[in-house]
Amino acid sequence: MILQPDIILYDEPTTGLDPVTAREIDRLIVELQHKYHTASIIITHDMHCVKNTADHVALLLDGRVYTEGTYSDLENSADPQVKQFFE
């Protein structure tokens with residue numbers, strides 16, 4: 001944080017953590033965004049992390065952006081390819 005980055009990249013920040021610690025990491029990510037006015041790019045399979053931290057979500061399928069929108073948009077999608085991420 002000393003260099004005051006505009007963007008912070010997180011790669012699977014909650015993988016392997018217990019649910020309590022994972023939610024604490026989510027909270028810290030959001031806190032850093034607000035405190036330092038940074039954007040975050042979070043690569044994750046943890047949909048709870050996505051829900052807790054993301055303003056905008058891009059869903060990758062076969063290495064390409066398949067769809068994007070808010071968490072709610074994707075969660076309520078009728079597309080079977082998207083729905084499987086929320087099951």
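Tabulated results
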{"item": "Residue among Tyr71, Tyr36 that alone is of a type in the set (Phe, Trp, Tyr) and within 26 Å of Met1 (Cα to Cα)", "result": "Tyr36"}
{"item": "Considering residues of the stretch 61-87 that are out of contact with any strand residue (DSSP E or B) (no Cβ under 6 Å at 6 or more places or on another chain) and under 18 Å from Thr14 (Cβ atoms) only, the residue surrounded by the most Cβ atoms within 10 Å (Cβ to Cβ)", "result": "Phe85"}
{"item": "Qualifying residue in the stretch 46-54 (condition: exposed (fewer than 12 other Cβ atoms within 10 Å of the Cβ) and without any contact (Cβ under 8 Å) to a residue 40 or more places away in the chain)", "result": "no"}
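Throughout, read-outs are computed from the coordinates displayed, never taken from laboratory work. Model, not experiment: these values are computed from the prediction. Virtual Cβ from ideal backbone geometry, glycine too; neighbours counted across all protein chains shown.
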